[in-house]
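Since every read-out is calculated from the coordinates, none of them should be taken as a lab result. All values derive from a computational prediction rather than experimental measurement. In this analysis, Cβ positions are derived from the backbone assuming ideal geometry, glycine residues included, and neighbour counts consider all displayed protein chains.
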Ligand code: SF4
């Protein structure tokens, strides 16, 4: 079928049209489900898609369980549901499952919400010709942003600025607004300067008691246990094997709502203060832990935003915390979705700083002497989760400074995290963390020496390296790599006024010391595979 036919508006000229539901559209608020309340639903657990990368076993179990729970929900509501599971061995991918569905039912029309990731969208458009059938695509999904409108704006600009987009979204959706002005008086849209408390302040001001009550957790039911067994059997070589007793993730809408309510009540009032802090004893700090269910559709972005806004209106949470949180959902999340759809598929190939160092093995094992990196990687292996500052300040920072190959780093992030999807990771990793996108997203790289990590974490105290040294065996690799990274890209960074302060500091490094740091950099990069 020609491309334009695949994207026409959904119709029910075929009364037997079936809704094909993808893994990240698990919501009864999905416009397609609402528009066709009696249509049958097709859900496919594709082995081929789940094997595209070495996805973490906890991530796969979470997704498969959520899909099966949603299938049951739809059946309980009276829908006819065709579910192809990992256990249905003949159906290794969506193509063979659809072929079977078509043969068994005699139907030939599928209604599909526009996929969120580019390769699925491209592949879906080849199906009608392959299978002699019709696929009607509904453009309205669960995001608040119209990808085509965003793209019309973003592709005209060298650097489409998030802050401009975010203010427009605040106005358009009337969130934290008083008329045409941001709430709080004084015209401030952003309260980040109030959200930068350090690790020492956190250790002083927080106590175990303040992190109570415990977050809600959800013991695996029979559906999740079966999903886990299937994942273990089919993807036994994937990282992150785990005992089912340790699984506590929300796999239904009701469970996801409990996580959201806990965050709003107990964590949001303090969320902003320590949002950039990383403490060993508190691996998730006050982060919401809703990104995984939100990205599958178990929660909708606007209900999350409205819950946080209401907490502020009722005097339960201060504006710096609420605004910082809402900016992540209404601003950043929607912005990365728009960036992804504006610049794919070439975005995935970008490598503006010509970084080409292979991803070291310790990203899969955690075997490194760098305490901050080790603790983040081990947490990722054990739980499939790091909070954003662990991802950005430690893992992304190291990858950028060491010049790791962007596609390999992106694939690692995509594989390891519970909330990962192609549209989420590509802009966050290639753009934000690695500055490999040629400054489309960030006007300067997010890199730092050990001094910043030492200020915002408690990792340096227990490390084999010294965060204050930049030369010598005990010198922290972040220091050596930071100064040599700046020097390597000096000509390019010189053209960027936002880099002038960093480059002035670089000019203060004595030339002989800089030369010695370059020698040590080469040595560190050589040793990455054997362990640093
Ligand atoms: Fe990380 Fe360096 Fe601190 Fe060690 S000294 S924890 S490597 S920043």
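Just a few scattered comments:
- Against the empirical curve 2.2 N^0.38 Å, the C-alpha radius of gyration of the range 456-518 lands at a ratio of 1.23.
- Helix axis angle, 477-488 relative to the chain longest principal axis, alpha carbon, degrees: 90
- Rg and Dmax of the range 139-234, Cα atoms only, in Å: 21.9, 58
- Histogrammed with a bin width of 10 Å, the alpha carbon distances of the range 284-344 distribute as 20, 49, 26, 5, 0 percent, first bin at zero.
- Order of 22, 131 under a 10 Å beta carbon neighbour criterion, fewest first: 131, 22
- Each Cα pair of the range 45-163 feeds into the Kirkwood radius, which the Stokes-Einstein equation turns, at 4 °C and 1.567 mPa s, into a diffusion coefficient of 76 µm²/s.
- For the chain, the longest principal axis of the Cα atoms and the long axis of helix 301-313 meet at an angle of about 60 degrees.
- Here r is the Cβ-Cβ distance between residue 469 and residue 53 and R0 is 45 Å; the resulting FRET efficiency, rounded to 0.05, is 0.75.
- Against the chain, whose longest principal axis is taken from its Cα atoms, helix 222-234 shows a tilt of about 70°.
- The value given for the range 320-446 is a Kirkwood hydrodynamic radius of 14.8 Å, derived from the mean inverse Cα-Cα separation.
- Label point 7 Å beyond Cα of residue 314 along Cβ direction - residues of the range 275-294 with amide nitrogen under 19 Å: 288
- Entry note: the chain has Rg to Rh equal to 0.97, where both radii use alpha-carbon atoms and Rh is the Kirkwood radius.
- Per principal axis, descending, Cα span of the range 191-305 in whole Å: 47, 32, 23
- Geometric extent, Cα atoms of the range 79-146 - Rg, Dmax (angstrom): 13.1, 38
- Over 15 Å [Cα-Cα, the range 343-395], rounded percent: 58
- Scaling the Cα radius of gyration of the range 212-275 by the globular reference 2.2 N^0.38 Å produces a ratio of 1.42.
- Radius of gyration over Kirkwood radius for the range 362-530, both on Cα atoms: the Rg/Rh ratio is 0.95.
- Diffusion coefficient of the range 399-461 by Stokes-Einstein, Kirkwood radius over Cα pairs, 37 °C, 0.692 mPa s: 259 µm²/s.
- With the helix formula -39500 (n - 2.57) applied to DSSP H stretches of n ≥ 4, the chain reaches a computed 222 nm mean residue ellipticity of -12000 deg cm²/dmol.
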